[in-house]
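*Asks:* Attaching a single structure in structure tokens format; questions to follow.
The values are calculated or read from the model by the stated rules, or taken from the named source; none is laboratory data. These numbers were taken from a predicted model, which means no experiment stands behind them. Positions of Cβ are backbone-derived with ideal geometry, glycine not excepted, and every protein chain shown enters the neighbour counts. Quick note on the areas: whole protein, heavy atoms, side chains included, nothing else; ligands and nucleic acids left out. Shrake-Rupley method; radii C 1.70, N 1.55, O 1.52, S 1.80 Å.
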Amino acid sequence: MSNSNLQIDVTARQVSQNGKAVYLTQTELALLLYLLDNAGRITRPELLAQVWGITAPVHTRTVDMHIAKLRHKLGAQIEITSVMRKGYVTKKA
């Protein structure tokens, strides 16, 4: 999977940016893959269910914290947009 200068080897579970390795946790990688696979959709409840296995309505900041980490690690390579009170969305490639 490739997104401009971001390359993702799903089988090897490795991410690189401009040829340099980007170290993501398993959860960060799962979150990134889910966002990219569901580009164009607002996904907060789905993220909790699919990435963390949380299906009951809960108030948690874990999604927000992991999104912040992804934004920090990936910089401008992927645009993750916040949608107030709904969740997060990435653009379709």
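*Asks:* Using the Cα centre as the reference, give the magnitude of the dipole from point charges on the C-beta atoms of the chain (Lys, Arg: +1; Asp, Glu: -1; all else neutral), rounded to the nearest 20 debye.
*Replies:* Values: 12 positive and 6 negative charges, 50 e Å.
Dipole of the chain, to the nearest 20 debye: 240 debye.
*Asks:* Among all the aspartates and glutamates, which ones have a C-alpha under 12 Å from residue 69's C-alpha, if same-chain residues fewer than 8 places away are not counted?
*Replies:* 28
*Asks:* Excluding residues on the same chain fewer than 8 positions from residue 86, give the aspartates and glutamates whose Cα lies under 19 Å from its Cα.
*Replies:* Within the straight-line cut-off, residue 86 pairs with 37, 46, 64.
*Asks:* Whole number in Å², please: accessible area per residue of the chain, 1.4 Å probe, ligands, DNA and RNA not counted. Walk me through the numbers before you get to the answer.
*Replies:* Details: 6010 Å² over 93 residues.
Averaged over the residues of the chain, the accessible area is 65 Å².
*Asks:* Can you list the aspartates and glutamates whose alpha carbon is less than 16 Å from that of residue 20, not counting same-chain residues fewer than 8 positions off?
*Replies:* Answer for residue 20, where 16 Å is the Cα cut-off: 9, listed by chain and number.
*Asks:* From the helices alone, meaning DSSP H stretches of at least four residues, give me the mean residue ellipticity at 222 nm for the chain, per-run term -39500 (n - 2.57), in deg cm²/dmol to the nearest 500. Could you put the intermediate results ahead of the total?
*Replies:* Details: 3 runs with 34 residues, N = 93.
Mean residue ellipticity, 222 nm, calculated: -11000 deg cm²/dmol.
*Asks:* Convert 4 °C to kelvin, take the viscosity as 1.567 mPa s, use the Kirkwood radius over C-alpha pairs of segment 1-91 as Rh, and evaluate the Stokes-Einstein diffusion coefficient in µm²/s, rounded to a whole number. All intermediate terms of the calculation are to be shown ahead of the outcome.
*Replies:* On the way: Rh = 13.4 Å.
The Stokes-Einstein estimate is 96 µm²/s.
*Asks:* Share of the chain's accessible area from carbon and sulfur, percent, 1.4 Å? Working shown, then result.
*Replies:* On the way: 3130 of 6010 Å².
Percent of accessible area from carbon and sulfur atoms in the chain: 52.
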